[in-house]
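Right, one structure below, let's go through it.
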Amino acid sequence: MRERREVRGERREAGSGATGNQAAVSSMMFCAFTASAAALLLLPSLAAAHETAMPPGAHSKNVRLPAKESRKECLKLAAGQRLAYVFTAQQTAQFNIHYPAGDKVSYPVRRNVRHLHGEYTSRAAQDYCMMWTNPHAVGINLSYSFSVRGGGKSK
């Protein structure tokens, strides 16, 4: 059994040298680590939930995105077609949907997030690309699904 004693207003466990504040900080760090580990374990189930939420004919992928690299999915859309997309990344990723606009590139969707779902409606018949960039110094896991709705065909 450990003896407790007060030392200048801080409670110490005899023989441990740790104050109540230090023990609380250690406990919070352990909880944060445990929560992060649990979130990583849930990533595949979140991806599975995204896949089941997408309609038949959806394209789904689970990939490892290396540090400072990008992944791109491009497809042709007819005017008025809707591109439905959903993704989950292990850490924040830079996501965009872009298309050529003359001698420039237009970015109608640009977000820095870990999770996103949305729908983009094309304005003209042309190629559109979804792109994920990993800004981190380590690789991250990325799960995504997309489908095309409306007239015409995808990819």
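The values are calculated or read from the model by the stated rules, or taken from the named source; none is laboratory data. Bear in mind that the values here come from a model prediction, so they are computed numbers and not experimental data. Here the Cβ is made from the backbone with ideal geometry for all residues, glycine too, and neighbour counts use every protein chain on show.
The table below gives the values:
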| read-out | value |
| --- | --- |
| Residue within segment 126-142 that is more than 24 Å from the chain's Cα centre (by Cα) and modelled with pLDDT of 95 or more present | yes |
| Inter-residue pairs, beta-carbon under 6 Å, first touching a residue at least 24 places away in the same chain (Cβ under 8 Å) and in segment 83-95, second among the basic types (Lys, Arg), 6+ apart | Ala89/Arg114; Thr92/Arg114; Phe95/Arg111 |
| Residue among Ser60, Ser106 that is surrounded by 15 or more Cβ atoms within 10 Å (Cβ to Cβ), in a strand (DSSP E or B) and at pLDDT 95 or above | Ser60 |
| Failed criterion for Trp132 (all others in (1) among the hydrophobic types (A, V, I, L, M, F, W, C); (2) over 15 Å from Ala67 (Cα atoms); (3) surrounded by 12 or more Cβ atoms within 10 Å (Cβ to Cβ) hold) | (2) |
| Per-region count, segment 60-104, residues touching a helix residue (DSSP H, G or I) at 6+ places or on another chain (Cβ under 8 Å) and either at positive phi or of a type in the set (A, V, I, L, M, F, W, C) (or both) | 2 |
| Subset of segment 96-116 [touching a residue at least 12 places away in the same chain (Cβ under 8 Å) and of a type in the set (Val, Ile, Thr)] | Ile97, Val109, Val113 |
| Residue, nearest to the chain's Cα centre (by Cα), within segment 83-103, restricted to residues that are loosely packed, with under 15 Cβ neighbours inside 10 Å and either more than 19 Å from Ile140 (Cα to Cα) or among the β-branched types (Val, Ile, Thr) (or both) | Pro100 |
| Any hit, segment 86-101, residues being under 16 Å from His59 (Cα atoms) and touching a Lys or Arg at 6+ places or on another chain (Cβ under 6 Å) | no |
| Odd one out for Arg11, checked against (1) more than 19 Å from the chain's Cα centre (by Cα); (2) at pLDDT 95 or above | (2) |
